[in-house]
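> My questions will all concern the structure given below.
The values are calculated or read from the model by the stated rules, or taken from the named source; none is laboratory data. Here the structure is a predicted model, which is why all the values come from computation and not from measurement. Ideal geometry is used to build each Cβ from the backbone, glycine not excepted, and the neighbour counts take in all protein chains shown.
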Amino acid sequence: MGTRRRIAEHKKGGPLVIGGLIAVVGVGGAFAGYSLVGGGAAADDGASARSVHKTVKTGPPSASEVRATAAAFLTAWQRGDVTKAAAATDDSAAATQALTGYRKDAYITGVTLTSGKPSGTTVPFSVKATVSYQGKSKPLSYATRLTVVRRAKDGVPLVRWQPTVVHPDLTDGDRLVTGDAGTPPVKALDRDGGELTTDKYPSLGTVLDGLREKYGRTAGGKAGIELRIVRKAATKGTQKTPDKTLLTLSEGTPGTLRTTLSPALQAKAEQEVGSKDKASVVVMRPSTGEILAVANSDHGFNVAFQGSLAPGSTMKIVTSTLLFEKNLASADKPHPCPKYVTYGGWKFQNDNKFEIKNGTFKTSFAISCNTAFISQAQKLQNDDLTKVAQQIYGLSMNDWAIGVPSFDGAVPVMSDAQMAASLIGQGGVRMNPLNMASVVSTAKTGVFHQPYLVSPSVDNRTPAKAARTMSASTQAQLKEVLQYTAEAGTAAKAMAGLGPDYGAKTGSAEVDGQKQPNGWFTAWKGDLAAAGVVQAGGHGGDSAGPIVAALLRAGS
């Protein structure tokens, strides 16, 4: 059978063959014989009965233990023996609930599981089954994986329970449900009237799900019958991830909904993020707030709209606004950029410990001098940055309504070293590409326009508003330092040839346990703005910069 092992229905008394392992199955369905190949729960139990001095095994499960444990779990699941399958996991209660719901709530029957070649303690497997509901049936197939771990107290190998064992798109608190969809489907259109589909634009899966969830009942459609993932409720301060349709048993009648997406820029965004791992980008129009493109190289969680990441030095746009307003910096005046600055017990430094002697603030901004910002912390109140982010940039108020779930940034009030770190986009500050595209748009126009994917006129919702606008002097200086960064600073390589009506800021955000920082880049060109992040991509000018610049060129 090669490297593939079929876990099939067994005739009475016949052996189950899994990757060369013969497991004798008795009338009651109990497993025996694993001790013949040197491992597994049965072998451990037998040894325990013979001797009270058994040494508890430690370390990763052996290859034979991995095979035997996976076989026990998958065979029991396939047979519909929920109790036995759950007992083969390290969380029998959660496994029982999920596997019971698999049959009773999702109406999935005729399950056939085929395991692949293990990789260490991980075993991939495919699922083929049938979904049957009210006389309608359709085949279901997908691939997922399980991991075998050793229980610390007795050394027994078990399947580590996690929702992805049942389906790769499940997360904690999600449920598989088959029935009337409740929410009618939506035919989403781009700004030119073309249909938006995941076949054309793979990144739009979560966006289309979100559009359906919000507008399905008002767009004029009729619900069908579906197998779908019903997502867990949102926590305070967040928006619920949209439910996801996995299989349609009966087609509903879709309603029609027009979005602001540009087909050309969306296609280009998909292409650009596809060339890198963990890349996300958003393109918008500064003068209106219209979102023209959104793409993620990972088509699961929508980092571009819902991500919550430290933005690194791109946050210096907001911090510069604060410093200009308080007359703590001026674009063309001298400004300190030492090698080190200590604040709140932390010692801050610049990349490669550089310093600028007798330089201006514009120069410090252009080459992203951290200490130029940290040096001003002692002159600031703990809530100053939060106020500017909220009042001028519309951030961190949890009131954006773009048409689908989104996160509108977090700039919490911090103190001591964390307050200083927030000035350079670390500490407690969290953003995503949508937020940073909005930030550079506000810097360019001087006015916050809440980004949106669906026109507010469709459902008469009220977009978020900023409490005030920045002064003309502040905006002029912001544009000056951003243009200089695009022309001669860390963004110059990526932005070459896009001037003169342009501006940009790079960023690198350190992440604990990550070898390379997240690379950020945000920029405008004319009436286009974009921001991107490449997680673990290194310097933003080299990782996210080319993605953003390519989209600005394509839209010009």
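> Could you please give the count of residues in the range 357-381 that are in contact (Cβ under 8 Å) with a residue 40 or more places away in the chain and on the phi > 0 side of the Ramachandran plot?
Total meeting the criteria: 1.
> Check ALA530 against each of (1) under 30 Å from ALA219 (Cα atoms); (2) of a type in the set (A, V, I, L, M, F, W, C); (3) out of contact with any Leu (no Cβ under 7 Å at 6 or more places or on another chain) and name the one condition it does not meet.
(3)
> Can you name the residue in the range 460-497 that is closer than 18 Å to PHE448 by Cβ and among the β-branched types (Val, Ile, Thr) and, of all such residues, is nearest to the chain's Cα centre (by Cα)?
THR462
> Follow-up. Across the range 442-457, which residue is surrounded by the fewest Cβ atoms within 10 Å (Cβ to Cβ) among those that are out of contact with any Lys or Arg (no Cβ under 8 Å at 6 or more places or on another chain) and part of a helix (DSSP H, G or I)? So that I can check it myself, show each step before the final result.
Going residue by residue through the range 442-457, those that are out of contact with any Lys or Arg (no Cβ under 8 Å at 6 or more places or on another chain) are 442, 445-447, 449, 451-453, 456-457.
After this cut, where a residue has to be part of a helix (DSSP H, G or I) as well, the list is 442, 445, 456-457.
Values: THR442: 27, THR445: 19, PRO456: 15, SER457: 7.
Going through the qualifying residues, I end up with SER457.
> Looking at the range 263-281, can you tell me whether even one residue there is assigned by TED's automatic domain parsing to the domain that holds ALA530, at pLDDT 95 or above, polar (S, T, N, Q) and assigned to a loop (DSSP other than H, G, I, E, B)?
No, the range 263-281 contains no residue that is assigned by TED's automatic domain parsing to the domain that holds ALA530, at pLDDT 95 or above, polar (S, T, N, Q) and assigned to a loop (DSSP other than H, G, I, E, B).
> On to the next question. Name the one entry in THR218, THR260 that is surrounded by 20 or more Cβ atoms within 10 Å (Cβ to Cβ) and part of a loop (DSSP other than H, G, I, E, B).
Values: THR218 fails: surrounded by 20 or more Cβ atoms within 10 Å (Cβ to Cβ).
After ruling out the rest, the residue left standing is THR260.
> Pairs under 6 Å by beta carbon, first residue outside the structural domain of THR109 (by TED's automatic domain parsing) and more than 20 Å from LYS128 (Cβ to Cβ) in the range 67-90, partner at pLDDT below 95 and in a helix (DSSP H, G or I), six or more apart or different chains?
Listed pairs, sorted by first residue: none to list.
> Further question: Let me confirm something: among ALA544, ALA549, which residue is within 18 Å of the chain's Cα centre (by Cα), under 22 Å from PHE365 (Cβ atoms) and crowded, with 21+ Cβ neighbours inside 10 Å? Reasoning before the result, please.
Details: ALA549 fails: within 18 Å of the chain's Cα centre (by Cα).
From the options ALA544, ALA549, the qualifying one is ALA544.
> In the list ALA464, ALA529, ALA472, which residue meets the criterion of being surrounded by fewer than 23 Cβ atoms within 10 Å (Cβ to Cβ), under 24 Å from SER262 (Cα atoms), in contact (Cβ under 8 Å) with a residue 24 or more places away in the chain and not charged (D, E, K, R)? Walk me through how you get there before you give the answer.
Working: ALA529 fails: surrounded by fewer than 23 Cβ atoms within 10 Å (Cβ to Cβ); ALA472 fails: under 24 Å from SER262 (Cα atoms).
Going through ALA464, ALA529, ALA472 in turn, the sole match is ALA464.
> Quick one: ALA233 ticks every box in (1) modelled with pLDDT of 90 or more; (2) assigned to a loop (DSSP other than H, G, I, E, B); (3) closer than 25 Å to ASP408 by Cα bar one, so which box is it?
(1)
> Are there any pairs, at least 6 apart or on different chains, whose C-beta atoms fall under 8 Å, with the first in the range 382-410 and closer than 20 Å to ALA420 by Cα and outside any loop (DSSP other than H, G, I, E, B) and the second of a type in the set (Ser, Thr, Tyr) and modelled with pLDDT of 95 or more, and if so, which?
LEU385/THR319; LEU385/SER422; THR386/SER396; VAL388/THR321; ALA389/SER396; GLN390/SER396; ALA410/SER308; ALA410/SER396
> Among (1) in a loop (DSSP other than H, G, I, E, B); (2) over 30 Å from ILE291 (Cα atoms); (3) touching a helix residue (DSSP H, G or I) at 6+ places or on another chain (Cβ under 6 Å); (4) of a type in the set (A, V, I, L, M), which single condition is LEU170 missing?
(2)
> If we keep just the residues of the range 477-501 that are assigned to a loop (DSSP other than H, G, I, E, B) and of a type outside the set (D, E, K, R), which is surrounded by the most Cβ atoms within 10 Å (Cβ to Cβ)?
Taking the range 477-501 as the starting set, the residues that turn out to be assigned to a loop (DSSP other than H, G, I, E, B) are 489-491, 496-501.
Within this subset, residues satisfying the condition of being of a type outside the set (D, E, K, R) are 489-491, 496-500.
Details: GLY489: 24, THR490: 25, ALA491: 29, ALA496: 11, GLY497: 7, LEU498: 22, GLY499: 13, PRO500: 7.
Checking each candidate, the answer is ALA491.
> Here's something else I'd like to know. Looking only at the range 101-112, how many residues end up being under 29 Å from the mean Cα position of the chain (by Cα) and either among the hydroxyl-bearing types (Ser, Thr, Tyr) or under 19 Å from ALA71 (Cβ atoms) (or both)? Before you say what the answer is, go through the steps one by one.
The initial filter retains those residues of the range 101-112 that are under 29 Å from the mean Cα position of the chain (by Cα), namely 101-102, 105-106, 108.
Checking which are either among the hydroxyl-bearing types (Ser, Thr, Tyr) or under 19 Å from ALA71 (Cβ atoms) (or both) leaves us with 102.
The number of residues fulfilling the criteria is 1.
> Here is a follow-up. Picking from LEU323, LEU246, which residue would you name as being modelled with pLDDT of 95 or more and not charged (D, E, K, R)?
Numbers: LEU246 fails: modelled with pLDDT of 95 or more.
On inspection, the qualifying residue turns out to be LEU323.
> Report, by residue number, each residue of the range 506-525 that is in contact with a Pro (Cβ under 9 Å, 6 or more places away or on another chain) and either in a loop (DSSP other than H, G, I, E, B) or surrounded by fewer than 24 Cβ atoms within 10 Å (Cβ to Cβ) (or both).
The answer is GLU510, VAL511.
> Take the conditions in contact with a Ser or Thr (Cβ under 9 Å, 6 or more places away or on another chain) and either modelled with pLDDT of 95 or more or not hydrophobic (A, V, I, L, M, F, W, C) (or both) and apply them to ALA152. Does it pass?
Values: in contact with a Ser or Thr (Cβ under 9 Å, 6 or more places away or on another chain): yes; either modelled with pLDDT of 95 or more or not hydrophobic (A, V, I, L, M, F, W, C) (or both): no.
Answer is no for this residue.
> Let me confirm something: among SER406, SER438, which residue is within 22 Å of the chain's Cα centre (by Cα), within 21 Å of MET495 (Cβ to Cβ) and among the hydroxyl-bearing types (Ser, Thr, Tyr)? Please lay out each step first, then the result.
Details: SER406 fails: within 21 Å of MET495 (Cβ to Cβ).
Only one candidate qualifies: SER438.
> Quick one: ALA93 ticks every box in (1) surrounded by 14 or more Cβ atoms within 10 Å (Cβ to Cβ); (2) closer than 27 Å to SER132 by Cα; (3) modelled with pLDDT of 50 or more; (4) not polar (S, T, N, Q) except a single one, so which number is it?
So ALA93 meets the others, but not (1).
> Are any residues in the range 477-491 touching a residue at least 40 places away in the same chain (Cβ under 8 Å) and more than 19 Å from ARG285 (Cβ to Cβ), and if so, which ones?
Of everything in the range 477-491, those that are touching a residue at least 40 places away in the same chain (Cβ under 8 Å) and more than 19 Å from ARG285 (Cβ to Cβ) turn out to be GLN477, GLU480, VAL481, TYR484, THR485, ALA488, GLY489, THR490, ALA491.
> Separate question: For ALA401, state whether it is out of contact with any helix residue (DSSP H, G or I) (no Cβ under 6 Å at 6 or more places or on another chain), assigned by TED's automatic domain parsing to the domain that holds VAL534 and among the aliphatic types (A, V, I, L, M).
On the way: out of contact with any helix residue (DSSP H, G or I) (no Cβ under 6 Å at 6 or more places or on another chain): yes; assigned by TED's automatic domain parsing to the domain that holds VAL534: yes; among the aliphatic types (A, V, I, L, M): yes.
It is true that ALA401 is out of contact with any helix residue (DSSP H, G or I) (no Cβ under 6 Å at 6 or more places or on another chain), assigned by TED's automatic domain parsing to the domain that holds VAL534 and among the aliphatic types (A, V, I, L, M).
> Working carefully through the options ALA106, ALA129, find the one that is in a loop (DSSP other than H, G, I, E, B), aliphatic (A, V, I, L, M) and surrounded by 15 or more Cβ atoms within 10 Å (Cβ to Cβ). Explain how you work it out, then say what you get.
Working: ALA129 fails: in a loop (DSSP other than H, G, I, E, B).
The conditions single out ALA106.
> From LEU227, LEU211, grab the single residue that is among the aliphatic types (A, V, I, L, M), part of a strand (DSSP E or B) and not assigned by TED's automatic domain parsing to the domain that holds GLN450.
On the way: LEU211 fails: part of a strand (DSSP E or B).
Sole residue among the options that is among the aliphatic types (A, V, I, L, M), part of a strand (DSSP E or B) and not assigned by TED's automatic domain parsing to the domain that holds GLN450: LEU227.
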